[in-house]
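Everything on this sheet refers to the single structure shown next.
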Amino acid sequence: MKKLLVLTMVLVCGAFMFSCNQNKASDDRAEIEALINGPYAALFGGGDMTGSNEPGGSNSPNGIEATATQPQHWWRTVSSWNRVITIEFPSDGVADVTVEDSVNGILYVDRSFDGQLNPGQRTWVNRHQKYATFEKTGNNWLLTGISVGEWKMEDPGVQYVNIVSMRIEAPGFDHTYTNPGEVIPLDELPHINVNADVDVTVVTTNSSSSSYTPKTFGYLHHPIWIREPMDESPTNTFHHSFTVMGTNWRLVAGDAVDSATLQTENGSDYNWNAWVLPFKIIQ
């Protein structure tokens with residue numbers, strides 16, 4: 001009887017501890033999710049790659065041999081945005097996080113060149129992925145590392161355009177990123193003085209069957225969310241510069257688009273890849 005009583009007490013204590021651990025993990029997940037969608041929301045955003053629902057001019061000189069030309073305007077809007085946050089705890093006080101967004105929207109392309117905004121429309125479906133680590137200090141979870149965010153086609157079987165690397169050059173900083181899935185400690189991300197000039201180089205590949213020249217268009221997105229065409233030299237390598245504006249953490253993005261996507265106002269071709277990098281602005 002005494003042995004049975006001891007066993008019962010052990011089982012009860014074990015069940016209690018399991019319940020406490022489950023509740024603690026649930027509370028930790030809720031806190032981390034709230035941080036991702038709240039104070040750290042800017043770092044986990046998509047870099048406003050949809051264009052903030054604003055028409056974007058595409059003024060860029062076309063090469064002498066170009067068969068693919070820039071439209072008068074093009075931009076994207078979002079119809080639905082669904083987020084899934086996965087959180088694992090490899091050790092006490094450490095959390096590994098994956099944030100995956102599934103995004104549906106409309107692509108607007110205006111090739112009328114008539115001085116009016118009268119674009120065609122087509123739908124698009126993409127996903128945006130970002131990885132991060134959090135560590136608990138005292139009672140609070142803090143973001144300690146984050147990856148490059150990557151925009152890709154929802155169907156990987158039609159992912160023809162890919163970014164291979166993105167280089168950021170600024171006063172006192174020069175680094176080339178080659179793995180968008182790598183979590184980068186916050187203090188190793190670019191910390192750049194306001195008003196400094198930053199050079200961005202994006203290397204791409206494009207396996208589509210397109211015969212257009214150039215086969216890919218490159219665009220640079222930078223604060224405060226300006227989208228500008230990048231120069232291509234040599235083939236598949238795109239360059240552009242910007243001057244740092246704003247405060248705190250911001251995002252810079254290289255955006256590679258299959259040029260066939262922008263040759264018609266409502267064709268079926270849509271393919272792109274974008275990398276979105278957080279950086280800290282120093283006042």
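The values are calculated or read from the model by the stated rules, or taken from the named source; none is laboratory data. Computed from a predicted model, the values in this text were never measured in an experiment. All Cβ positions, glycine included, derive from the backbone under ideal geometry; neighbour counts span all protein chains shown.
For the range 107-137, the tally of residues that are of a type in the set (A, V, I, L, M, F, W, C) and touching a Phe, Trp or Tyr at 6+ places or on another chain (Cβ under 7 Å) stands at 4.
The test for being part of a strand (DSSP E or B) and either in contact (Cβ under 8 Å) with a residue 12 or more places away in the chain or farther than 20 Å from residue 217 by Cβ (or both) holds for residue 100.
When the range 131-172 is filtered for residues that are more than 22 Å from residue 244 (Cβ to Cβ), among the charged types (D, E, K, R) and touching a strand residue (DSSP E or B) at 6+ places or on another chain (Cβ under 7 Å), the ones remaining, listed by number, are 135, 150, 152, 154.
Contact map, the range 160-181: first residue outside any strand (DSSP E or B), second residue of a type in the set (D, E, K, R) and at pLDDT 95 or above, Cβ cut-off under 9 Å, separation 6 or more or different chains; pairs are 160/258; 171/197; 180/130; 180/150; 181/150. Considering only residues that are farther than 12 Å from residue 204 by Cα and crowded, with 17+ Cβ neighbours inside 10 Å, which ones fall in the range 270-283? Answer for the range 270-283, where residues must be farther than 12 Å from residue 204 by Cα and crowded, with 17+ Cβ neighbours inside 10 Å: 270, 271, 276, 277, 278, 279, 281. Residues that are surrounded by fewer than 20 Cβ atoms within 10 Å (Cβ to Cβ) and in a strand (DSSP E or B) within the range 111-133 comprise 120, 121, 122, 123, 125, 127, 129, 133, listed in sequence order. Filtered by the rule that a residue be of a type in the set (S, T, N, Q) and within 9 Å of residue 258 (Cα to Cα), the range 206-227 gives 206, 208, 210, 216.
Scanning the range 211-224 for residues that are surrounded by 17 or more Cβ atoms within 10 Å (Cβ to Cβ), in contact (Cβ under 8 Å) with a residue 60 or more places away in the chain and either outside any loop (DSSP other than H, G, I, E, B) or not charged (D, E, K, R) (or both) yields 212, 214, 217, 221. Residues of the range 87-143 that are within 30 Å of residue 264 (Cβ to Cβ) and acidic (Asp, Glu): 101, 110, 114. For the range 70-92, residues that are part of a loop (DSSP other than H, G, I, E, B) and loosely packed, with under 13 Cβ neighbours inside 10 Å total 1. Restricting attention to the range 225-247, the residues being more than 14 Å from residue 199 (Cα to Cα), assigned to a strand (DSSP E or B) and in contact (Cβ under 8 Å) with a residue 60 or more places away in the chain number 1.
Could you give every pair whose Cβ atoms fall below 8 Å, whose first residue belongs to the range 32-43 and is assigned to a helix (DSSP H, G or I), and whose second residue is surrounded by 12 or more Cβ atoms within 10 Å (Cβ to Cβ) and β-branched (Val, Ile, Thr), counting only separations of at least 6 or pairs across chains? Pairs that qualify, where the first residue is assigned to a helix (DSSP H, G or I) and the partner is surrounded by 12 or more Cβ atoms within 10 Å (Cβ to Cβ) and β-branched (Val, Ile, Thr), are 32/85; 32/87; 32/97; 33/85; 33/87; 36/85; 36/97; 36/99.
If you check residue 150 against the conditions, is it closer than 29 Å to residue 93 by Cα, touching a residue at least 12 places away in the same chain (Cβ under 8 Å) and within 19 Å of the chain's Cα centre (by Cα)? Judged against the criteria, residue 150 is a match. For the residues 153, 166, the requirement of being crowded, with 19+ Cβ neighbours inside 10 Å and not aromatic (Phe, Trp, Tyr) singles out 166.
Whenever a residue of the range 182-196 is without any contact (Cβ under 8 Å) to a residue 40 or more places away in the chain, its partners that are hydrophobic (A, V, I, L, M, F, W, C) and surrounded by 11 or more Cβ atoms within 10 Å (Cβ to Cβ), lying with C-beta atoms within less than 7 angstrom and at least six residues away or across chains, give the pairs 184/146.
What's the number of the condition residue 254 fails, among (1) on the phi > 0 side of the Ramachandran plot; (2) assigned to a strand (DSSP E or B)? Of the numbered conditions (1) on the phi > 0 side of the Ramachandran plot; (2) assigned to a strand (DSSP E or B), the odd one out for residue 254 is (1). Quick one: in the range 232-268, of everything that is surrounded by fewer than 17 Cβ atoms within 10 Å (Cβ to Cβ) and out of contact with any strand residue (DSSP E or B) (no Cβ under 6 Å at 6 or more places or on another chain), which residue is modelled with the lowest pLDDT? If we take residues in the range 232-268 being surrounded by fewer than 17 Cβ atoms within 10 Å (Cβ to Cβ) and out of contact with any strand residue (DSSP E or B) (no Cβ under 6 Å at 6 or more places or on another chain), then 268 is modelled with the lowest pLDDT.
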